[in-house]
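J.: To start, I am sharing the structure in question, which I have written as structure tokens.
The values are calculated or read from the model by the stated rules, or taken from the named source; none is laboratory data. In this text, all values refer to a predicted model and were calculated from it rather than measured experimentally. Cβ placement follows ideal geometry from the backbone for every residue including glycine, while neighbour counts extend to all protein chains displayed. Note: accessible area is taken over every heavy atom of the protein model, side chains too, but ligands, DNA and RNA are not part of it. Shrake-Rupley method; radii C 1.70, N 1.55, O 1.52, S 1.80 Å.
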Amino acid sequence: MTDQNSKKITMRISAVSIVFNIVLTTFKLIAGIVANSSALVADAVHSASDVFGSFIVMLGAVISHKAPDENHPYGHEKMECIVSIILGNILLLVGALIGYEGVRKIISGETIPVPGSLALIAAAVSIVTKEALYWYTIAGAKKINSVSLRAEAWHHRSDALSSIGSFAGVLGARLGVTILDPVAAIVICLFIFKVAYSIFKESIDRLVDRSCGEVETDEMVEAIKTVPGVMKVDDIKTRLFGSRTYVDIEIAADGELKLKDAHVIAGAAHHILEKDFPDVKHCTVHVNPMNTETLKEE
């Protein structure tokens, strides 16, 4: 998957998200106001934040897929993590506003109107639409290993969960327990906070060069061992860099080999990693002589 193809996929998915979210936000906001449902109005605000989030993801795609330059020789992939953190902050803000409004209505003791049936219909439509957008976006995120698209997908999923809360709150209020409408808004807030935490954790892990994980590292080691001339793998370090991975390897080869033969072995190890592991952007291979105990430090 080339950087340009990844960028196109991100742009296409974000554009689809923007169109659907604008329509859905308008529908839920009107339905929430007309049907007197605070939970649905809060849900509409959440969907509106998705529109803003999609624009940020598109901006991140443009920046993160820029070619390396003199000041950024390793590329700009980490901008994806910055974008995801921005999305996480948007979710936190939206969740806090929704939770505050729900708590305010309960504490104030104000008369809570019974929501109309239109609120139930709007919530049901939102659940189906946002869950479909989640699966559409997460499929694209997995295809190009995009942390920002994954964050956007969970933004959709959090909206679907909030719509379930809206539906339950509106239904309960229509059955006579009107306090369930603002209670649903508070539950929505907690769901959003949980999603925001997950987004923050993954983004920060990638910013601080966390390893790609034990399973994938072991698979890399086994792949390198199949290279003719590699006697063993002395060390391997991996680090996540935005949506890509950098690898540093130390392999052992026959200490009596000529330099050019050792170079061929290193090149083969380099090639098999970048071929078999598409997420690997670059790897550095260092060759150690097998009989290292005979070497003397100068």
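J.: Work out how much length MET231 to ASN89 would gain on full extension: take 0.36 nm times their residue separation and subtract the Cα-Cα distance, in nm to one decimal.
T.: 46.2 nm
J.: So who's got an amide H within less than 5 Å of the one on ASP234, skipping anything under 5 residues away but keeping other chains? H placed 1.01 Å off N, in plane.
T.: Answer set, sorted by chain and number: GLU250, ILE251, ALA252.
J.: Over the range 94-227, one equal point on each Cα, no solvent: what is log10 I(q)/I(0) by the Debye formula at q = 0.09, 0.20, 0.21 Å⁻¹?
T.: -0.40, -1.12, -1.18
J.: If you roll a 1.4 angstrom probe over the protein chains with everything in place, what fraction of the accessible area of the range 187-233 belongs to carbon and sulfur, to the nearest %? Intermediate results must be reported in sequence, preceding the final value.
T.: Details: 1650 of 2700 Å².
Carbon and sulfur together cover 61 percent of it.
J.: Give me the 1.4 Å probe accessible area per residue for the range 1-109, excluding ligands and nucleic acids, in Å².
T.: With all protein chains present, the range 1-109 gives 48 Å² per residue.
J.: If you don't mind, another one. Here is the link list: LYS7/LYS105; LYS7/LYS201; LYS66/LYS237; LYS7/LYS194; LYS66/LYS201; LYS66/LYS232. Which ones come out longer than 32 Å on Cα distance?
T.: Checking Cα-Cα distances, LYS7/LYS105; LYS66/LYS232 exceed 32 Å.
J.: For semi-axes √(5λ) of the Cα gyration tensor in Å, which listed value, [x] 38, 23, 19; [y] 31, 21, 19; [z] 52, 18, 14, comes from the coordinates shown?
T.: [z]
J.: Count the net charge of all other residues whose Cβ sits under 13 Å from the Cβ of ILE90, scoring Lys and Arg as +1 and Asp and Glu as -1.
T.: -3
J.: Evaluate the relative contact order of the chain (contact order divided by residue number), counting alpha-carbon pairs under 8 angstrom at least 6 apart; express in whole percent.
T.: Across the chain, relative contact order equals 17 percent.
J.: To the nearest 10 Å², what's PHE27's accessible area with a 1.4 Å probe?
T.: 70
J.: Work out the FRET efficiency for GLU216 and PHE55 from their Cβ-Cβ distance, taking R0 = 30 Å, and round it to the nearest 0.05. Display every interim value, and only then the final one.
T.: Numbers: r = 33 Å, r/R0 = 1.08.
Efficiency at R0 = 30 Å is approximately 0.40.
J.: Further, regarding this structure: Calculated from DSSP H runs of 4 or more alone, at -39500 (n - 2.57) each and per residue, what is the 222 nm mean residue ellipticity of the chain, nearest 500?
T.: Rounded to the nearest 500, the figure is -24000 deg cm²/dmol.
J.: Please list 252-259, 12-19, 118-125 highest first by mean number of surrounding beta-carbon atoms within 10 Å per residue.
T.: Ranking, from highest mean packing down: 118-125, 12-19, 252-259.
J.: What number comes out for the charge environment of VAL285, summing +1 per Lys or Arg and -1 per Asp or Glu over other residues with Cβ under 10 Å away?
T.: In short, -2.
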